[in-house]
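The values are calculated or read from the model by the stated rules, or taken from the named source; none is laboratory data. Predicted, not measured: the structure shown is a model, and the values here were computed from it. Virtual Cβ from ideal backbone geometry, glycine too; neighbours counted across all protein chains shown. Surface areas here come from the heavy atoms of the whole protein model, side chains and all, with no ligands, DNA or RNA. Shrake-Rupley method; radii C 1.70, N 1.55, O 1.52, S 1.80 Å.
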Amino acid sequence: DQRMLYVKILIEKANNAWFQGRYEEAFKFQRQCYEIAGKENFSLIRVLSQNTEGLIWWTLGDYDKALTVLTNALADAKNLRIREDEIATTLNNMGLIYRDRGDYQKALETFDQAIEIDTAIGSKWGLAYDFRNKGLTFLKLDQPADAAALFDQAYEISTGIGNRINAAKAILGKGDALFALEDFTAAEKAYQTARTLSESMMIKETLWRSLFGLARVQITFYNDRDAAETLLRESIEIIEQLRSDIKVNQLKENFIANKLSVYETLVQLLADKDRPAQAFEIAERSRARNFIDLLGGQDIRFSSTEEQTLYKKQQIIKSEIETAQKLLANATTPAERQTYEKSVTDLEYDLENVMIDIQLQNPQLASMVSVPPVKIQQLISYLEPGTALLSYYLLENEIFCWILRSDDKTPANRLKLIRIPGDREALGKKVLEFRRIIQNLEPYEKHAADLYAQLMAPLTPHLTGVRTLGISPHGALHYLSFATLRNEDAFLLDQYALFYVPSAAVLEYTLSRRVSRPYGSPKVLAVGNPDLGDPILDLPFAEQEVGSIRWNFPDVTILTRERATETWVVNHISDFDIIHIASHGEFDPVNPLMSAIKLADANTRADDNNFTKSDFDGNLEAGEIFGLNINADMVFLSACQTGLGKVSAGDDVVGLNRSFFYAGTHTVISSLWRVSDVSTAVMIKTFYRRYMNQDKADCLRQAALHVKTRYPHPGYWGAFTLVGDYY
């Protein structure tokens with residue numbers, strides 16, 4: 001039946017889009033499949049599509065909606081007398097959500113229901129997964145003995161039916177349980193078995209975890225740091241081969257050790273071995289993970305056809321490698337394994353050649369699809385005398401901060417590691433509370449002093465002679481305005497001109513492209529108060545703000561209201577030396593590449609042959625900005641929360657800032673919270689008055705100090721941050 005074949009293809013497309021993080025596309029295919037299945041009375045397909053929808057909502061973090069959809073799927077499966085194995089599958093999916101939501105008892109009850117069904121119908125395949133999922137839940141409950149017994153059952157069943165993939169994952173779980181029980185000899189044996197199985201099938205996701213488990217045994221039981229370092233480096237190499245191929249379901253499935261734990265363990269190990277430079281390099285590599293993973297499933301527009309072609313080719317080869325590896329994992333004969341191993345080897349060679357082409361074509365594009373090593377000495381050489389970079393790295397019970405400066409007479413002191421005791425979770429809560437206090441204009445003094453004492457006081461003895469201070473935050477620190485921290489005498493703003501970088505690698509890239517400032521009469525694009533179709537969203541002060549820029553820059557193009565369209569901005573943005581946008585910003589925490597600057601909707605004016613109507617919906621999204629060619633020295637985003645980006649495990653802030661850097665600018669100034677129109681107008685006017693004669697970081701400092709004299713509370717002057725080139 002053609003319709004049945006069609007809906008099967010649709011559900012496969014939906015699942016593939018979900019795996020790759022293309023959630024809107026996944027929903028589109030899923031809805032089409034669900035509607036056709038309903039009309040044609042394809043009961044099984046309908047339940048399958050509901051399961052897919054539930055898993056998409058689960059991935060997006062909407063557990064309530066996911067459970068609602070899966071509950072309906074379960075009811076349909078029972079009422080329509082769908083195959084019992086699909087009922088068990090639905091229950092398994094529900095159990096995963098209960099577990100992630102922290103409702104472990106409900107998760108266990110749901111897995112038990114699945115076990116009961118799979119036992120009744122004799123589904124060994126289903127039971128193997130049921131037992132493993134239940135075992136992972138017991139691990140979450142800190143009941144490793146119960147977990148170990150379930151992993152044994154899952155491993156025995158999987159081995160008996162030839163499901164070597166699940167066998168490898170089950171014995172890996174057994175290793176984690178035994179490690180928690182401090183039976184390190186048995187844990188080492190389990191990890192080694194998982195490693196052997198994973199290597200034979202090239203299951204990289206399980207392989208890196210096995211190596212990490214073995215490294216932890218070396219550290220904890222044998223105290224062999226050299227052996228542990230070798231294993232950790234092997235694990236990291238595999239993680240970075242995976243890159244964006246680490247799919248969502250795999251990340252969700254194993255909550256015992258996230259891949260970033262490997263980097264953190266190696267960073268701490270190298271620091272303990274008194275190798276701060278190598279520790280810094282690994283910390284930097286870990287920061288790049290999130291951005292690369294996120295890009296894997298995105299349809300990014302690049303600034304040239306060659307870049308787009310190379311990027312697509314790289315993605316296609318990676319997809320082909322993944323398919324070949326799956327075939328290898330399921331191969332049953334030596335001849336099949338040999339064939340698929342050769343296919344994987346050939347494809348990996350092709351991928352290596354494409355990566356070389358990408359590196360030659362555009363090093364920044366290469367940094368988007370791989371993890372380039374940071375060149376420490378070269379980075380230090382870019383820092384002027386009187387400038388220091390503080391690079392933070394938050395571990396579970398310790399704060400690392402590397403201080404980089406070029407003006408120390410002793411070369412060994414140009415990179416210095418300071419280790420500060422600290423609880424990462426508690427610090428994160430403290431930062432969020434401080435943000436709330438500042439935004440609400442509440443008394444802030446105690447919180448500002450506490451954070452200064454923890455984050456800055458241990459560093460100040462090493463900052464003598466520093467006038468400009470760079471901050472490379474980590475974790476929750478990305479949401480912190482360091483300018484607002486204070487000791488008993490002054491704010492940090494009073495002491496230093498500040499700038500930020502999401503990572504040292506980004507600063508190296510930005511400073512290496514530094515060009516002369518646009519002196520004379522720079523061409524300025526000033527966009528303010530676009531017509532967003534709702535009077536509530538009007539920003540009348542924004543029109544005054546952009547209008548005031550004319551006082552300092554006569555060659556300015558001002559766009560307001562209905563003239564401030566995305567169409568015009570996209571088509572002319574490359575013509576300007578300075579870009580200033582005063583509008584609403586929207587941060588999308590689920591898919592930060594959908595974060596956007598709100599401009600006037602130009603759908604009705606899509607008269608440019610280079611774009612389709614959908615390109616002109618008024619949302620200038622981060623993903624779209626990648627495709628622009630920006631020649632401006634600076635982009636100033638005077639919009640609410642434009643400086644926010646998604647900071648997850650990989651720590652690379654993905655949002656508007658990174659997009660503008662890739663598009664070509666050297667500096668982005670943006671805000672961390674919603675700002676007052678009046679104080680912002682004062683700050684903008686003061687900043688541009690000084691722009692032609694001072695470094696940008698000092699311009700922003702002087703502008704903030706000026707606002708501070710009128711509005712002392714840091715909520716008025718602390719939101720704006722300068723990211724990138726501070727000159």
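Quick notes on this one:
- Any chance Glu182 is modelled with pLDDT of 95 or more, open to solvent by 50 Å² or more (accessible area, probe 1.4 Å) and either closer than 19 Å to Thr265 by Cα or not in a helix (DSSP H, G or I) (or both): yes
- Residues being over 30 Å from the mean Cα position of the chain (by Cα) and closer than 22 Å to Glu84 by Cβ - total across segment 8-32: 1
- Residue count, segment 668-721 (criterion: assigned to a helix (DSSP H, G or I), within 17 Å of Glu543 (Cα to Cα) and either out of contact with any helix residue (DSSP H, G or I) (no Cβ under 7 Å at 6 or more places or on another chain) or not aromatic (Phe, Trp, Tyr) (or both)): 10
- Residue list for segment 596-622, filter: outside any loop (DSSP other than H, G, I, E, B) and at pLDDT below 75: Asn603, Thr604, Arg605, Lys613, Ser614, Asp615, Phe616
- Total residues in segment 307-324, condition open to solvent by less than 30 Å² (accessible area, probe 1.4 Å) and polar (S, T, N, Q): 1
- 2 or more residues β-branched (Val, Ile, Thr): qualifying helices (runs of 4 or more DSSP H) within segment 447-566: 504-512
- Entry remark, segment 55-75: residues being within 24 Å of the chain's Cα centre (by Cα), open to solvent by less than 20 Å² (accessible area, probe 1.4 Å) and either over 16 Å from Arg31 (Cα atoms) or modelled with pLDDT under 90 (or both) number 2 in total.
- If you go through segment 333-388 and keep only what is at pLDDT 80 or above, buried (at least 19 other Cβ atoms within 10 Å of the Cβ) and of a type outside the set (Val, Ile, Thr), you end up with Tyr340, Leu347, Leu379, Leu383, Ala388.
- Residue within segment 239-261 that is modelled with pLDDT under 90, within 25 Å of Ile56 (Cα to Cα), in a helix (DSSP H, G or I) and among the basic types (Lys, Arg) present: yes
- Contact map, segment 396-417: first residue more than 19 Å from Gln378 (Cα to Cα) and in a helix (DSSP H, G or I), second residue at pLDDT 95 or above and among the basic types (Lys, Arg), Cβ cut-off under 7 Å, separation 6 or more or different chains; the map is empty.
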